[in-house]
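The values are calculated or read from the model by the stated rules, or taken from the named source; none is laboratory data. Computed from a prediction, not measured in an experiment: that's the story for all the values here. When we count neighbours, we look across all protein chains shown, and the Cβ atoms used for this are built from the backbone with ideal geometry, even at glycine. The protein model used for the area step is the full one, side chains on, heavy atoms only, and it has no ligands, DNA or RNA in it. Shrake-Rupley method; radii C 1.70, N 1.55, O 1.52, S 1.80 Å.
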Amino acid sequence: CCFLINNFGEMFDEVTASSLVKLDFDGNVMDDHDAEQVNNAGFVIHSAVYVARPDVHCVMHLHTPASVAISVQTEGLLPISQHAMMVMGSLAYHDYGIAAGNLEERERLGRDCAKGDAVILRNHGSLAMGNSIANAFQRMYYLETSCQLQVQAMSCGQDLVRIDPEVFERGTQRIEEGYKDPTAGQRTWDSMIRMLERDGVDDYRR
């Protein structure tokens, strides 16, 4: 079995279909790319999910300023926005560990990824997964946006209003049921593709 990962050092807007590197779960390159083009830490993180979660077909991992800021806070993501409700029904946490070349860390991360479809990596960033690219993208979009909203809200120096726990629980349950639909996130993904095409970006198809 194998999976695709972007080249080490490639900016996100440089990634194309043909530039992706095919790897097996032992880290061996299975196409004509050079092994030096593989980020070993990226291999450990993504393979950890695929090994632990055979139901997952796409993994997204970010370390944006907002996601790292939330990852270092004791309480993590707070139930203060509708966006947070979109991910907190299936949110897990993973304590910091050095991923590069560390298969023990891969097993530990895999165990935590079995607990949810969105993961905040402590002192590191965020991770989202799904049964399709569209599904994983939608979950990551809401995870990242909810982190941004929380950082902005906290910067105002005011007490934060949390959503009523009962309301929040009902909302997350309904949302998680929606994620079980095989087409979940497809409309969002299609709209992103149309936006790229309007901007004249078509290299992603190559």
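The table that follows gives values for the structure above.
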item	result
Residue within the stretch 176-188 that is β-branched (Val, Ile, Thr) and assigned to a loop (DSSP other than H, G, I, E, B) present	yes
Residues of the stretch 31-73 classified as of a type in the set (A, V, I, L, M, F, W, C), more than 13 Å from the chain's Cα centre (by Cα) and not in a helix (DSSP H, G or I), total	2
Out of ALA136, ALA153, sole residue that is in a helix (DSSP H, G or I), open to solvent by less than 80 Å² (accessible area, probe 1.4 Å) and over 28 Å from GLU105 (Cα atoms)	ALA153
In the stretch 56-75, residue least open to solvent (accessible area, probe 1.4 Å) [restricted to those that are without any contact (Cβ under 8 Å) to a residue 60 or more places away in the chain and among the β-branched types (Val, Ile, Thr)]	VAL68
Members of the stretch 86-103 that are at pLDDT 80 or above and open to solvent by 20 Å² or more (accessible area, probe 1.4 Å)	MET86, MET88, GLY89, LEU91, TYR93, ASP95, TYR96
Filtered residues of the stretch 131-162 (kept if under 20 Å from SER47 (Cβ atoms) and more than 9 Å from the chain's Cα centre (by Cα))	ASN131, SER132, ILE133, ASN135
Those residues of the stretch 104-117 which are among the hydrophobic types (A, V, I, L, M, F, W, C) and either open to solvent by 30 Å² or more (accessible area, probe 1.4 Å) or outside any helix (DSSP H, G or I) (or both), in sequence order	ALA114
Residue among ILE193, ILE120 that is in a strand (DSSP E or B) and surrounded by 12 or more Cβ atoms within 10 Å (Cβ to Cβ)	ILE120
Boolean, ASP164 is modelled with pLDDT of 95 or more and either among the acidic types (Asp, Glu) or surrounded by 12 or more Cβ atoms within 10 Å (Cβ to Cβ) (or both)	yes
